[in-house]
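Colleague: The following block contains the structure, expressed as structure tokens.
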Amino acid sequence: MIRPLLLEAGLQPQVGLSEFIMISMAYMLVAAAGYVINDYFDLNIDTVNKPDKVFITRGISRGGALGAYGAMNIAAMVLAAFVSRSLQSWAPLYCILGCVVLLFGYSAFFKKRFLIGNILVAGISASAMPVLSLSEAGANGLFPETLRYITLYTFIYTGFAFIISFARELVKDLEDVEGDRQYGGRTMPIVLGARTAHWIVAGSLSCVIGVIAALQPFLWAREGATPMLSLYSICLVMLPLAWILRKVFGARGGKDYHQLSTYIKLVMLTGILSMLFIQFMIL
């Protein structure tokens with residue numbers, strides 16, 4: 001996303017393809033480790049909510065799961081440290097280390113608590129966006145105009161990732177409400193009720209739709225590939241979110257919520273992939 005902005009300013013990007021791949025791999029390893037430790041702590045709850053998807057103690061021992069968790073986190077931090085040294089910026093390592101700590105805290109302490117678990121996961125999901133910008137800014141000493149554009153795009157995509165991740169986490173809480181309630185969970189659907197949780201999900205998705213709609217005049221007013229980005233965002237982000245929004249209030253059981261979670265995940269993917277258009281934009 002930020003590469004064309006740097007080239008426009010006559011700067012050579014510091015985050016090359018190899019650094020980008022290593023940062024991406026580090027985040028994927030941390031995410032995979034997060035799933036493992038989450039399943040480790042949620043073994044009893046998962047036995048109630050999704051008994052056919054419990055792998056710890058069936059496909060892998062608890063000790064083996066902890067070993068895999070530790071190995072993936074160590075590999076992620078080694079990659080992040082290598083990139084940080086290469087870029088002479090500690091942002092990748094600090095972000096990866098922060099994600100490791102926060103994901104453990106989420107799984108061990110905060111997942112079943114009101115609101116805080118949702119915010120933590122949403123923040124961790126969104127943190128992958130600013131880390132590249134922080135690395136470039138630290139390495140290049142950017143011009144104010146270039147920094148303004150980078151900050152704007154980073155803010156937009158980070159906000160998108162945060163809000164839509166928050167909505168998806170709340171849908172997952174709705175899916176897991178029975179097991180969470182049985183084991184003392186205080187998630188938002190349990191505390192506020194399913195109907196209120198539906199409205200919060202709807203409000204979050206509506207916020208994303210509203211922001212994208214507000215950006216349309218800006219996209220059409222500029223040259224380059226912005227009209228293409230506009231059509232992409234309408235067809236593959238706004239309309240799917242509007243369809244999901246309509247499905248939210250009709251969801252009742254775990255199967256419905258699981259489908260909604262999958263749909264939101266797909267829109268997260270299409271939204272992030274829209275960054276590919278920015279390299280063709282004339283700023």
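FYI, it's all coordinate maths here, none of it is from the lab. As the structure is a computational prediction, the values presented were derived from the model and not from experiment. Ideal geometry is used to build each Cβ from the backbone, glycine not excepted, and the neighbour counts take in all protein chains shown.
Colleague: Can you give me the ranges of the helices (runs of 4 or more DSSP H) entirely in the stretch 200-275 with at least 3 residues that are among the small types (Gly, Ala, Ser)?
Modeller: Correct list: 254-273.
Colleague: Then there is this: Here's a check for you: in the stretch 48-98, which residue that is hydroxyl-bearing (Ser, Thr, Tyr) and buried (at least 16 other Cβ atoms within 10 Å of the Cβ) is nearest to the chain's Cα centre (by Cα)?
Modeller: Per the stated criteria, the residue is 69.
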